[in-house]
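Chemist: Following this message is one structure expressed as structure tokens.
The values are calculated or read from the model by the stated rules, or taken from the named source; none is laboratory data. Remember, predicted model here, so these are calculated numbers, not experimental data. Glycine also receives a Cβ, built like all others from the backbone with ideal geometry; neighbour counts cover every protein chain displayed. Just the protein is used for accessible areas: all its heavy atoms, side chains included, with ligands, DNA and RNA removed. Shrake-Rupley method; radii C 1.70, N 1.55, O 1.52, S 1.80 Å.
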Amino acid sequence: MISNKEEGLVERTPVFVVAGLDPVAVDAVATGLAAPGTAIVHHDLVEVSLGVITRTVRQVDADGCTQTRVSRIDLDHGCVSCALRHDLLPTLRALHRRTNVDRIVVALDPLIEPEPLCWAIDAVDVVGVPGQVDGPASRDVRVEAVIGCIAAGTWLEEATGDLTLPEAGFDSGDAGDERTLSQVAVGHVAFADALVVHGAAVANWDAAVFGAVIRRLAPDVPVVMEAPGRPLDEKLVALLLSAMPLGARRDRSVGPFDPLLAGQPPLDADCGVQLVEFTTTRPFHPGRLHDALDALLEGVVCSRGRLWLATQPVEALWMESAGGGLRVATGGPWLAAMSPDELAQVDPERGALAAARWDPEFGDRHTSLVVLVHRADPDTIRAALRAACVTDAEMAAGQGVWSTWDDPFGAFHADPCETSVPHPIPENEEKR
């Protein structure tokens, strides 16, 4: 059979991304995807801090025979982002040009999260490669699906702890990489189109809690449980991927102003696991919010959402947490702070959602958070966040006063902090 590449037709090569903390499990899933015409790419980053990575490409020919090529690559700067930019992305474009490659499987090193990789495929230009037009790898390849591999017996502990990557035995080679193990573990699940659960069976209660968390973190995502005598072969992978609903993510990131509850996650409590929603049309006092965020670092799997901070009226803040790690960064301007030219470029869906709750004075400014708890008390979290909102008297004081308050967030913030100074609510003021 003559492939489209041999006929000279322009068609992007499908890419399957396999992610997880256990390289053995990731390799097993990648191998299960290796039909004839498949190239499996893996970058070993164990020496990335030394400026060296090892690239392995296994190519399965039409007869099912596998050829393996291993290359050591020197980087100008030893870090994960350089490994992606300088070698993985060009490798994807190069494999696309091979007429005998119909599918690419990327078996990710544990240090690489699938979401930034998919973003890089779409957004980072590959330049200066002989025979290639400068541009992103998405000119030649498309992400077909992200498959997350998670260990039944250890994932929940990894996803709710506070170990940094170096403390967990992973060295990304970047002193500025402040990710925790929990952030990586949650990222492998939250961005997946399909999940493979591997490892030893766990106690009934632990299994129930684990299942309840997965159903809320990755709703509508098909799951395959590893079982003796049932290898993850091509047919099983095809069945897994065909079970994805029409609204599957397919490598799409969630932006700061997108709906926070993707899919249809269960909203009831199960084994203490629950999605907690918090919304308010009052801004946060920055100091009190800083204190309140401690409530999201214990007994919580993850949280995310947009924040209206009284001291920052122009841009929303975007908050994400996993386990004991939390990050707050700029999320982009509110519609109420945009110029007419900027408003003309806004996605119509965002404009419609904002119009439904538009305030005559404050426009679309608001706070909306979703917190996935497994041991924490939802009422305690809601109370802490309500207490961080501005009081009636502070609300009446207005933006002129708000702008004078100390702001511990700036444009970026990460928790836990080394020091924390409590910010009490003014006396005789009601907690909102």
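Chemist: Where in region 261-294 is the amide nitrogen less than 11 Å from a point lying 7 Å along the Cα-to-Cβ axis of ARG382?
Modeler: Residues 276-279 fall inside that zone.
Chemist: Using DSSP, restrict attention to beta bridges with both residues in the chain and report what percent are antiparallel, rounded to the nearest 5.
Modeler: Beta bridges within the chain, antiparallel portion: roughly 70 percent.
Chemist: Using only Cα atoms, figure out Rg for region 5-79 and give it as a multiple of 2.2 N^0.38 Å.
Modeler: Rounded to two decimals, the normalised Rg is 1.30.
Chemist: Go ahead and collect, in residue order, the members of region 62-101 whose backbone nitrogen is under 16 Å from a label point 7 Å along the Cα-Cβ direction of ASP134.
Modeler: Backbone N within reach: 86, 90.
Chemist: Below 8 Å between Cα atoms, with a sequence gap of 6+, how large is the relative contact order for the chain in percent?
Modeler: 14 percent
Chemist: Round to the nearest 10 and report in Å² the accessible area of CYS302, as given by a 1.4 Å probe over the protein chains' heavy atoms.
Modeler: For CYS302, the solvent-accessible surface is approximately 20 Å².
Chemist: Taking Cα pairs under 8 Å and at least six residues apart, what relative contact order does region 144-226 come out at, in percent?
Modeler: 40 percent
Chemist: Dipole of the chain, Cα-centred, from +1 at each Lys and Arg C-beta and -1 at each Asp and Glu C-beta, to the nearest 20 debye?
Modeler: 1040 debye
Chemist: Also, I was wondering about something else. Among ALA218, SER138, ALA200, flag the residue with its Cα farthest along the positive direction of the charge dipole of the chain, charges on Cβ as +1 for Lys/Arg and -1 for Asp/Glu.
Modeler: Most positive-ward Cα: SER138.
Chemist: Order these peptides, 359-367, 69-77, by their mean beta-carbon neighbour count within 10 angstrom, highest first.
Modeler: By packing density, highest mean first, the sequence is 359-367, 69-77.
Chemist: Also, I was wondering about something else. Less than 15 Å Cβ to Cβ from ALA207, Lys/Arg counted +1 and Asp/Glu -1: what total charge do the surrounding residues give?
Modeler: -3
Chemist: If you take the Cα Rg of the chain and divide it by 2.2 N^0.38 Å, with N the number of residues, what do you get?
Modeler: It is 1.06.
Chemist: A further question on this structure: Considering only PRO265, THR330, LEU289, whose Cα is most displaced toward the positive end of the charge dipole of the chain, charges sitting on Cβ of Lys, Arg (+1) and Asp, Glu (-1)?
Modeler: About the Cα centre, the residue reaching furthest to the positive side is PRO265.
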